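*Asks:* Have a look at the structure that comes next, please.
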Amino acid sequence: MSYTLPVFLAHAVALEQEAADRYLELADMMEAHRNDAVSKVFRDMTRFSQMHRDEVKARVGNIELPQLRVWEYRWSLPPEVGGEEGFDYMMEAYNALRYARENEVRGMEYYRSVAKEATDAEVQRLATEFANEEAEHVAALDKWLALTPRPSSTWQDDPDPLSPAA
Ligand code: ZN
């Protein structure tokens, strides 16, 4: 699918706003669990997302943006998080970081696919730039994941792309 500039910009604004909202929630959650280090990571990510959103909005200028449907930009929850009781699960730093990483990867892949299929040169340029920014966010989260202890039982069967094969 090839995006027009307004459709692409609308997605970018929505994606960054969504990321900022989710990061703020994660930061508060981590703070409630007195994990100040990881809370600070999420506060930084909140700020980066807000800054990026504002940059995109500046690029939008007077261009009129289409309305999007929520499923076009909403972060996906990990399959384990089904309801209220799932939230405890999320509060562990490692899981929260992984959840954020999954969504950053999704954002990166989204921008990459837009860049690949773009017929509009400006869409292609911006999508490539945004994909690179998302790749930096993934790398930053990887760094934190490497420093964060894994919960022992629940994730042990998960393939972990971050640690070298034992
Ligand atoms: Zn990002």
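The values are calculated or read from the model by the stated rules, or taken from the named source; none is laboratory data. Everything numeric here is computed off the predicted structure, so don't read it as measured data. All Cβ positions, glycine included, derive from the backbone under ideal geometry; neighbour counts span all protein chains shown. Calculation scope for accessible area: heavy atoms of the full protein, side chains included, ligands and nucleic acids excluded. Shrake-Rupley method; radii C 1.70, N 1.55, O 1.52, S 1.80 Å.
*Asks:* Among the residues that make up segment 39-61, is at least one of them out of contact with any Ser or Thr (no Cβ under 7 Å at 6 or more places or on another chain), surrounded by fewer than 14 Cβ atoms within 10 Å (Cβ to Cβ), assigned to a helix (DSSP H, G or I) and at pLDDT below 85?
*Replies:* no
*Asks:* Which residue out of L68, L9, L77 is at pLDDT 90 or above and either within 14 Å of the chain's Cα centre (by Cα) or of a type in the set (A, V, I, L, M) (or both)?
*Replies:* L9
*Asks:* What are the residue pairs meeting all of these: first residue in segment 23-46, first residue free of Cβ contacts under 8 Å to residues at least 24 places away in the same chain, second residue open to solvent by 80 Å² or more (accessible area, probe 1.4 Å), Cβ atoms under 6 Å, and 6 or more apart or on different chains?
*Replies:* Short answer, once both residue conditions are applied: S39/E31.
*Asks:* Additional query: Among the residues of segment 20-38, write down those that are aliphatic (A, V, I, L, M) and open to solvent by less than 10 Å² (accessible area, probe 1.4 Å).
*Replies:* A20, L26, A27, M30, V38
*Asks:* Pairs, please: C-beta under 6 Å, at least 6 apart or cross-chain, first residue of a type in the set (V, I, T) and in segment 93-110, second part of a helix (DSSP H, G or I) and surrounded by fewer than 24 Cβ atoms within 10 Å (Cβ to Cβ)?
*Replies:* V105/V138
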